[in-house]
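In what follows, a structure is listed as structure tokens, so that the remarks can point back to it.
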Ligand code: AMP
């Protein structure tokens with residue numbers, strides 16, 4: 001079924017991903033309804049209607065779903081029962097089943113392994129005895145509700161793993177081998193209702209304190225990560241946009257670390273860098289519309305995140321960053337808390353490294369406007 005402009009797109013979640021999707025949807029003449037736990041959210045500011053409720057309130061989610069023609073996600077921690085309730089009254093893309101698998105690291109990694117997709121070696125941990133006989137160093141993570149490094153800790157021995165386990169409230173955990181990776185890369189891609197596959201190539205992602213700091217791309221337009229991403233979409237029979245994140249090992253293998261069943265921070269640069277953004281691609285695919293093959297307009301792009309820390313010594317010097325050649329995106333969040341994603345800068349160039357240089361210099365100038373040294 002095709003959902004044409006003029007109809008209503010529903011977004012579960014109301015952060016920056018929902019905001020940028022909402023902007024793309026409004027450009028194409030869709031109405032936008034968002035559902036989240038807060039009013040006056042980044043996405044709510046560009047929506048026609050904001051619904052407030054818990055992500056496990058079946059009745060409210062169902063009432064919300066009734067008001068939209070197609071529903072998608074910008075946030076994956078929505079209760080499976082709510083996604084199912086939404087599916088009973090409207091079109092949900094990607095399906096609740098995809099959300100259910102990807103919102104829990106044990107389900108996600110088991111699914112991928114069983115589909116023959118290379119993943120970080122892992123073991124589910126339900127009791128302290130499950131920590132015995134694993135290869136250390138390892139990373140102990142909560143199975144659910146983890147993001148940006150929250151709910152995870154590196155452990156160098158079984159003894160340390162037992163200490164960490166004992167300090168945590170009882171909950172399912174996952175133990176993963178620590179991968180001494182060469183770099184982290186991601187593939188933001190999409191799949192249509194007919195199974196057609198779209199992708200933006202391979203992005204290289206640098207993190208700081210477990211939070212994405214700078215993305216540059218494409219570092220390759222094809223190769224193993226793209227092929228693995230295609231397999232992931234097919235295995236999940238997913239419709240919409242998702243991001244597959246990888247560790248590139250020192251021996252050049254690609255292991256899937258996780259799947260985000262929605263647009264991703266590493267795809268923000270596509271707004272300026274490509275002929276179609278990840279958000280417009282998400283919109284078109286969930287609405288059953290055709291999309292072009294994603295292409296880079298001038299070769300490459302880079303994105304630098306702006307966290308709340310940037311506001312520590314006052315309002316950042318926006319004019320200085322713009323003068324350095326960056327594009328500015330701010331998400332309309334009022335409180336610049338440390339570690340909170342407030343916005344991002346993007347720059348274009350013929351090579352990803354050149355774009356990354358522009359964007360990091362532009363960000364540096366936010367707090368050093370008159371110092372032009374690189
Ligand atoms: P995650 O929440 O799983 O995306 O993890 C956040 C970050 O922690 C990743 O981007 C990596 O930098 C690091 N990390 C997570 N798992 C591992 C692992 N098994 N080996 C090495 N580094 C990891």
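Taken together, the values in this text are just the output of simple stated rules run on the coordinates, not laboratory data. Worth saying up front: this structure is predicted, and the values here are computed from it rather than measured. Using ideal geometry, Cβ is built from the backbone for each residue, glycine included, and neighbour counts are taken over all protein chains shown.
Things to note:
- For the range 228-287, the alpha carbon convex hull comes to 95 Å³ per residue, rounded to a whole number.
- Sorting 13-20, 250-257 by average packing, meaning the other beta carbons within 10 Å per residue, from highest down gives 13-20, 250-257.
- Look at 334, 268 and count the other Cβ atoms within 10 Å of each Cβ; fewest to most, that gives 334, 268.
- Taken over the range 294-334, the alpha-carbon convex hull comes to 102 cubic angstrom per residue.
- At 0.692 mPa s and 37 °C, Stokes diffusion of the range 121-177 via Kirkwood alpha-carbon radius, µm² per second: 298 µm²/s
- Rg/Rg_ref, the range 181-365, where Rg_ref = 2.2 N^0.38 Å and atoms are Cα: 1.02
- Packing-based exposure ordering (other Cβ within 10 Å, fewest first) of 203, 242, 28: 28, 242, 203
- For the range 328-374, average projected area of the Cα convex hull in nm²: 4.1 nm²
- GNM flexibility winner over the chain from 210, 199, 329 (Cα, springs under 10 Å): 210
- Footprinting exposure proxy for 196, 309 (fewest neighbouring C-beta atoms within 10 Å first): 196, 309
- Geometric extent, Cα atoms of the chain - Rg, Dmax (angstrom): 20.4, 59
- Distance histogram in 10 Å bins (all Cα pairs of the range 68-205, percent per bin): 10, 32, 34, 18, 6, 0
- The chain, helix-only ellipticity at 222 nm - DSSP H runs n ≥ 4, -39,500 (n - 2.57), divided by all residues, nearest 500: -7500 deg cm²/dmol
- The range 168-259: radius of gyration and largest Cα-Cα distance (Dmax), Å: 14.4, 44
- Our analysis of the range 289-374 gives Rg over Rh at 1.04, with the two radii drawn from alpha carbon positions and Rh computed by the Kirkwood formula.
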